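Just so it is clear, none of the values below were taken in a lab; they were calculated from the coordinates. Just so it is clear, the structure is predicted and the values come from calculations on it, not from any experiment. Here the Cβ is made from the backbone with ideal geometry for all residues, glycine too, and neighbour counts use every protein chain on show.
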Amino acid sequence: MLTSDQYGQLLAAIAVITRQCHSPQDLLTSAEDQLARLVGQAVAMQVGPQDGDSPAVHCIAAAALDDQGQELLDLFTVQVRCLLGQARRCERLAAEALHDPLTGLLNRRAFERDLKAALVCSAPATLVVLDIRQFKRINDTFGHVMGDRVLQAVALILTACAPAGAHVYRLSGDEFALLGAMNAPEVAAFSAALRVHLRGVLWPDCCAALTLDLGAAVREARDSARGWLDRADQAMYANKRRAARLDDERDLHEG
């Protein structure tokens, strides 16, 4: 049976890992250190598959423990198992809060967080916004199930084409964004890669000629988050109008 001092040490060790650890891996590392101090020898913690709400946790001491040492190890392991389950749930919820459930991309909340961070970062940054041309027609004519499939496919293409280090976001509906340290040639290469990938997909009849409209804005010293996004939006709509004029001219010549 543990003494009152040992119970106090056990509670203090649990308090340390509860207070200081912010991720499952941090928790395990700190737990090994605290348990080693409790039992007076090196220990290793092994995490097994999920067992109910919490993962299975096994602690192995470097040498055989006496009865009190084993009791300390067992009680501490039970607490670590519960804390690790909570840490994993918190980590999962935090990730879900920043990701779009349909496409798996980062969502608007993550975008606004990263946009504000990019404004105060010394590294250069470029914002690219995109939308799917005439996406409403796809939804209205072929239904939202088909629209969702198109959004998921576009998300995969954007991720595949994004320059190294750039993050891809779904802002809302058919609106997407990229944010990263991209220069003009990299943005142009990204746009060209998009066209190639879009042509290479066997789209259903509803969107045989799917096109993304794109606008880019390099961060400027005077920018606010709203102003930076507005400039990228304006560039996208200017490109959209330019493409519409070219389509009209093509139809006129063909007619």
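Working note: Cα gyration tensor of the stretch 4-114, eigenvalues times five, square-rooted, sorted largest first, giving semi-axes of 34, 14, 11 Å. Between 200, 85, 173, the residue with the greatest mean-square fluctuation in the GNM of the chain (Cα pairs under 10 Å linked by springs) is 200. Simple point charges give the picture: +1 on the Cβ of Lys and Arg, -1 on the Cβ of Asp and Glu, and for the stretch 108-254 a dipole about the Cα centre of about 360 debye. Counting only Cβ charges, +1 for Lys and Arg and -1 for Asp and Glu, the dipole size of the chain around its Cα centre is about 920 debye. Considering only alpha-carbon pairs that sit under 8 angstrom and 6 or more positions apart, the relative contact order computed for the chain is 16 percent.
With the highest mean first, a sort of the peptides 94-100, 165-171, 225-231 on other beta-carbon atoms found within 10 angstrom per residue produces 165-171, 225-231, 94-100.
Placing unit charges on the Cβ atoms of the charged side chains and taking the dipole of the chain about its Cα centre, the candidate lying farthest along the positive direction among 83, 243, 215 is 243.
For 58, 197, what ranking results if the residue with the fewest other Cβ atoms within 10 Å of its Cβ goes first? Ordered from fewest to most neighbouring Cβ atoms within 10 Å, 58, 197 come out as 58, 197.
Within the shell of other residues whose beta carbon sits under 10 angstrom from the beta carbon of residue 151, the net charge comes to -1, with Lys and Arg scored +1 and Asp and Glu -1.
If contacts are Cα pairs under 8 angstrom and at least 6 residues apart, what is the relative contact order of the stretch 98-213 in percent? RCO, the stretch 98-213: 34 percent.
Counting neighbouring Cβ atoms within 10 Å and putting the fewest first, the residues 91, 220, 32 line up as 220, 91, 32.
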